[in-house]
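This report concerns only the one structure given below.
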Amino acid sequence: MKEFHGRLHKKYYYMIVSFIIVLMLAGLLVDNPVNSRFAVHGVMIVVISICLLVYPCYENAWMKYMTVISSTGYFYALFYLYPETWSEFVLLCFIPAFSILFFDKRLFYFSLLINFAFIAFTFGYIGFVDKGQDYPYIFIDLVGNVVNFLASQILLYFIFHLTNLRIQKQRLYYEQVQQAERMRTTGQLAAAVAHEIRNPLTVVNGFLQFYVEDPAFSQSQKQSFALMMNELDTAEHVISQFLSVSKPDEGEKVDNVDVELILQEVTDLLNMYGLLNDNGIDLNVEMDCHVAANSIELKQLFINLIKNAIEASPHSGSVKVIAAKVKGHVCIQIIDNGRGMSQEEVKNLGTPFYSLKSKGTGLGLMICFNIVEKYNGSIQFDSDPGDGTTVTLRFPLIPN
C-alpha cells in the first residue's frame, strides 16, 4: 500500500523528517568536539537522512528495509560512541517501534530479530569484555537490564499485534462496504432499466422468429436473422443476471446440503467442458461437509468458479477442487495453474462489467459474491501473475 498519494502527505512527511534531521544535527554539533567519534556520528546522520528523504520517491520494500537497518545502525552507533550517556540504552529498546510506522508485518519481525541479535552481542560485550568499565549502569544490574529489554520487546509486539488486527478489521470492513455499495448500485440500475430493455428485445426477437419461418427471405438472410437472435439471447441472459442480483429470493428454501454430492455433480457436468482443451478436474472432498444453503444456488456458485478456473488453465492443465472441515467451517478451494492475476485485478473482481474474459460481463462473479454473502460465507482470491489462482470459500459447518 502506498503511503504518499498526494502532495499534502509528502509535504507533512518532509516537514517531520526535516525536523528530525535538525534534531540529529543539533545532537552532533552542540557541545561535541571534532574527532573520530564526531566523524562516525556525522556519517550515520547522513546515511539515515538520505534513507528518510529518498523513501517517498520509491516506497518499495527495499527502501523500507534500508531505512530500518540504517536507523538501527544509527542508534547502536550512538550507544557505542557515547557510553557515558545512559539514555541511549532506552532508545535501543524501542528500535522496532520505528518499523511499526510502515504497517508491514515482515518488516516488524525483521526489525525485532536484528534488535535481538545486536542486543545479545551488546550484553555479551558488556558482561565479558567491558565488565562495567564504560557501561557501569548496565553491568551493575545486567540481569535486570536483560529482563527490562525483553519486557520492552514483548510490549512492542503486543502494540504491533493489536494495531495490525485493528487495521485488518478496518480493511475487511472497507471491502465489505465496497461490495455492498456495488450490489446496491447494480440492484438499483437493474430495477430501473431491466424490464424496459427486456420488452423491446422480446418484440424484436418475435419478429425475427417470424422472418426465419418466412419463405420470402433467402437462406443467407435467415442465417443473419439467426445470428441476431443469438445476440438477443445473450442480451436476455445479461438482463436475467441483473434481475437475479437486484431481486434475490430471500424466501428460498435452505437445505442441509452435502458439499461432496454438489461438487461431484458439478465436476461430472464440467468434465466434458474441460475435455475440449484436455483439462481435467481433480476432486478431493472430506466426508460429512454439510452447509446450510440452497442447493441450486450453491451449484450455480461452484459451476461459475470451476468453469472460470478451467478457462484460465493452460492446455492439458488440471483444476484442483478440495473441500475439508476447518475450525467449524467447510473450506472449499478451487486451484488452477493459469496466468494468474495482479493484486489490482483481484481487487476489482465482482465489479459490474469488469471481466478478464473477452466476452465476459463480470456479472457471474458478482452473483457468486452475492450467493456467498447470502449464506454467511466468505470468498477469497489468492493470485500472482504466472502462478495461477486459488479461490477459497468458507461456509459455516452444520451437523449432518
Q.
Pairs needed: first member in the stretch 83-101, under 24 Å from Asp141 (Cα atoms); second member anywhere, among the charged types (D, E, K, R); C-beta distance under 6 Å; at least 6 residues apart or different chains.
A. Pro83/Asp134
**Q.** Spans of strands (runs of 3 or more DSSP E) in the stretch 275-333 with at least 1 residues of a type in the set (Gly, Ala, Ser) and within 22 Å of Asn370 (Cβ to Cβ)
**A.** 290-293, 318-326
**Q.** Subset of the stretch 391-400 (residues that are out of contact with any Cys (no Cβ under 7 Å at 6 or more places or on another chain), modelled with pLDDT of 90 or more and surrounded by fewer than 17 Cβ atoms within 10 Å (Cβ to Cβ))
**A.** Pro396
Q. How many residues are small (Gly, Ala, Ser) and over 29 Å from Asp255 (Cα atoms) if we restrict to the stretch 274-324?
A. 7
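Matching residues to (1) exposed (fewer than 13 other Cβ atoms within 10 Å of the Cβ); (2) in contact with a helix residue (DSSP H, G or I) (Cβ under 7 Å, 6 or more places away or on another chain); (3) part of a helix (DSSP H, G or I):
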position	(1), (2), (3)
Tyr12	yes, no, yes
Asn32	no, yes, no
His41	no, yes, yes
Ile50	no, no, yes
Lys64	no, yes, yes
Q | Residues that are more than 21 Å from Tyr273 (Cα to Cα) and among the basic types (Lys, Arg), drawn from the stretch 311-338 | A | Lys325, Lys327
Q. Residues Glu88, Glu84: which one is among the acidic types (Asp, Glu) and open to solvent by 30 Å² or more (accessible area, probe 1.4 Å)?
A. Glu84
Q. If you take the residues of the stretch 129-150 that are under 43 Å from the mean Cα position of the chain (by Cα) and under 20 Å from Ala77 (Cβ atoms), which of them is least open to solvent (accessible area, probe 1.4 Å)?
A. Phe149
Q) Residues in the stretch 361-400 that are over 16 Å from Val326 (Cα atoms), in contact with a Gly (Cβ under 9 Å, 6 or more places away or on another chain) and assigned to a loop (DSSP other than H, G, I, E, B): how many? A) 6
Q.
From the list Leu101, Leu78, exactly one residue is buried (at least 18 other Cβ atoms within 10 Å of the Cβ), among the hydrophobic types (A, V, I, L, M, F, W, C) and more than 18 Å from Asn145 (Cα to Cα). Which is it?
A. Leu78
Q: Evaluate the following for Ile126: is it open to solvent by less than 20 Å² (accessible area, probe 1.4 Å) and within 18 Å of Gly144 (Cα to Cα)?
A: yes
Q. Of all residues in the stretch 270-293, which are modelled with pLDDT of 80 or more, over 29 Å from the mean Cα position of the chain (by Cα) and not charged (D, E, K, R)?
A. Leu270, Asn271, Met287
Q) Do you know which residues across the stretch 104-113 are out of contact with any Ser or Thr (no Cβ under 6 Å at 6 or more places or on another chain) and either of a type outside the set (D, E, K, R) or surrounded by 16 or more Cβ atoms within 10 Å (Cβ to Cβ) (or both)? A) Asp104, Tyr109, Phe110, Leu112, Leu113
Q. Is there any pair with a first residue in the stretch 364-375 that is touching a residue at least 12 places away in the same chain (Cβ under 8 Å) and a second that is open to solvent by 10 Å² or more (accessible area, probe 1.4 Å) and basic (Lys, Arg) whose Cβ atoms are under 8 Å apart and which are 6 or more apart or on different chains, and what are they?
A. Met366/Arg182
Q: State which residue is most open to solvent (accessible area, probe 1.4 Å) when the search covers only the stretch 160-170 and only residues that are closer than 23 Å to Leu92 by Cα and touching a residue at least 60 places away in the same chain (Cβ under 8 Å).
A: Thr163
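The values are calculated or read from the model by the stated rules, or taken from the named source; none is laboratory data. It should be emphasised that the depicted structure is a prediction, and the values quoted were computed from it without experimental measurement. Every residue, glycine among them, receives a Cβ derived from its backbone with ideal geometry; neighbour counts consider all protein chains shown. Heads up: the accessible areas ignore ligands, DNA and RNA and are worked out on the full protein's heavy atoms, side chains in. Shrake-Rupley method; radii C 1.70, N 1.55, O 1.52, S 1.80 Å.
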